[in-house]
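Encoded as structure tokens, the structure appears first; notes follow it.
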Amino acid sequence: MIRLLAILAATAPSLLSILLPAQKYCGWFAYEVASPTPLQAAVWWAAGHAATLLPVVLALLALWVPRWFPPAGAIAAAAASVLSALTLVVPYQTPCGPQHGEWSLTACHVVAVVALLLTRPEQRVPRLRAAIWSGVVLLVLGRALVRNYFLSGEAGCYADLNDMWALAFYRLDTAEGVYAWVAVAAIGAVFAERRAAPFLGLVLLVPALFEPVAWFLSGAAHNCSSALELFGWPYLIAGVLALLSHARLTRQPQ
């Protein structure tokens, strides 16, 4: 139970980011607006990456060095909590004015530190299963990084969805942008030995299959060379790997 609290607290900032209000639009300015200082940029960059990578660090620790999961995980969570706390006192300058961090995100990291210190180490995960879940986490993380750093502002290939389909797709895309699917994969990795872990693969199939299913059911047009391009292949592969993570891949002796 404490282990569950630890990973949920570590992933909560990503999941809560879906619910937090987006930054308001302040219009265009005919004059030069204030920009963040190097200190502000460095603090917010470090805090954001620490919050993003903490679930990944915990997942890899749980898979490969479970003995170090509580102490090393607590150190990583403590570092993330300190950086998150700094955003409360070092505002980020935007055209709309200074933006302060969310205290709830800092509280989540503090809870993760306490829970990790109270967590007991578990047995080592079989190497094959650890490799499968590592692949799941890294596939989902890689897809999110590509989306945020290489595809930002590019429409690319898409289905021309409307109404509720477009709104649902927007929500799923937002979840990808705040690394919510990485959080889902990390939770599964931390509990890789539990029988319920593979079912988190079903969650990863949602971003993998939503767009082609929505295109088919709505009859919308698309600008892709093939409908196969509508599939979220990294999520599809990750979801299938997660579902198969408890399968008997070797024949048992008679």
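The values are calculated or read from the model by the stated rules, or taken from the named source; none is laboratory data. A quick note: this is a predicted structure, and the numbers were derived from the prediction, not measured. All Cβ positions, even for glycine, are placed from backbone atoms using ideal geometry, and neighbour counts span all protein chains on display.
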Q: Quick one: which residue in Ala72, Ala80 is under 17 Å from the mean Cα position of the chain (by Cα) and at pLDDT 95 or above?
A: Ala80
Q. Which one of these does Asn148 not meet: (1) of a type in the set (S, T, N, Q); (2) surrounded by 14 or more Cβ atoms within 10 Å (Cβ to Cβ); (3) not assigned by TED's automatic domain parsing to the domain that holds Arg194?
A. (3)
Q: Count, please, the residues in the range 228-243 that happen to be free of Cβ contacts under 8 Å to residues at least 60 places away in the same chain and either touching a Cys at 6+ places or on another chain (Cβ under 9 Å) or more than 24 Å from Arg194 (Cβ to Cβ) (or both).
A: 3
Q | Unique residue being on the phi > 0 side of the Ramachandran plot, in the same structural domain as Leu4 (by TED's automatic domain parsing) and of a type outside the set (Val, Ile, Thr) when the list is Gly101, Gly97 | A | Gly97
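Filter the range 118-145 down to residues that are part of a helix (DSSP H, G or I) and crowded, with 16+ Cβ neighbours inside 10 Å, then give me how many there are.
So the first thing to find is which residues in the range 118-145 are part of a helix (DSSP H, G or I), and the list is 118, 127-145.
Filter once more, keeping what is crowded, with 16+ Cβ neighbours inside 10 Å: 129-130, 132-141, 143-144.
Count: 14.
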Q. If the Cβ limit is 8 Å and pairs must be 6+ apart or interchain, which residue in the range 164-190 that is closer than 10 Å to Leu15 by Cα pairs with which residue that is aromatic (Phe, Trp, Tyr) and modelled with pLDDT of 95 or more?
A. Ala175/Trp181; Trp181/Tyr235
Q. Going through the range 213-227 one residue at a time, which ones are in contact (Cβ under 8 Å) with a residue 12 or more places away in the chain, within 26 Å of the chain's Cα centre (by Cα) and over 16 Å from Glu176 (Cβ atoms)?
A. Trp215
**Q.** Search result, residues across the range 55-102 that are outside any loop (DSSP other than H, G, I, E, B) and charged (D, E, K, R)
**A.** Arg67
